[in-house]
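A short worksheet on the structure shown next.
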Amino acid sequence: MRKNIVAGNWKMNTTVQEGISLAQEVNGLLKNMKANCDVVICVPFTHLVPVNGVIDQNIVGLGAENCADKVKGAFTGEVSAQMVASTGANYVILGHSERRQYYGETNETLIEKTRLALENNLTPIFCVGEVLEERENGTYNDVVKSQVEALFSLSAEDFAKVVIAYEPVWAIGTGKTATSDQAQDMHAHIRNVIAEKYGVELAQEISILYGGSCKPSNAKELFAKPDVDGGLIGGAALEAASFIGIVEAFN
Ligand code: PGA
């Protein structure tokens, strides 16, 4: 049975001190409930070590928001997968649309990042999703297919460790959520694309999260869809109560 996961993506928000408080609050609220899904917070690099010090990773997992496409060396300003793993983190978001859009990340660099994440025992949360124009001109299924195919040089054993996050770019931070039917259609499409390459059995084991203006008020309907296995949460993850409200959609 594949896992249900609710993962927060803090993006470039909170100071270290604010991040520690938020993480403590999330951990505290989760300790007092029985979450029916895995919960993860993905935080800025600067926050990984201090946040790891205040959470119980049996309650809430920890991840980074990116890692380098190189192992080590003269790459000023980059943070390697090994460095991320050495903080105690177990996850890393890769290929977020903001990385693709503003920092020129491509399929070529993303497969390297994914390989290095896996080599360092980090679970990649690999983001895919179309922009508004592609939604409107009807090419969205092909666009997302090619983003997923960027990982198809991985062995089946490695691909099985990846979590996919479908995040339609037009829904990120806009308050405009995909309908639960739009999400379900795309998640089923992604699962089919994976099944064609790796087989139905493996495709059924892959967790596919939805992201894009997910909040407590719409999470239940989205997560009720058979191929939606949780969410990648931006804005609503910056407040402990709303983040936990989304986790409760699985209860
Ligand atoms: P949002 O962001 O929930 O603020 O729309 C989601 C994401 O970008 O991961």
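Computed from the coordinates by the stated procedures, all read-outs in this text should not be read as laboratory data. A quick note: this is a predicted structure, and the numbers were derived from the prediction, not measured. Cβ sites come from the backbone with ideal geometry, for glycine too, and all protein chains shown count toward neighbours.
Per-structure values
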| quantity | calculated |
| --- | --- |
| Other-chain or far-sequence residues with amide H under 5 Å of CYS42's (modelled H) | GLY8, ASN9, TRP10, GLY63 |
| Span from the region 38-75 Cα centroid across to the region 209-251 one, whole angstrom | 21 Å |
| Structure-based [θ]222 nm, the chain - -39500 (n - 2.57) summed over DSSP H runs of at least 4, per residue, nearest 500 | -12000 deg cm²/dmol |
| Efficiency of FRET from Cβ geometry, THR139 and GLU221, R₀ 30 Å, rounded to 0.05 | 0.70 |
| Expected-Rg normalisation [2.2 N^0.38 Å, Cα atoms] applied to the chain | 0.93 |
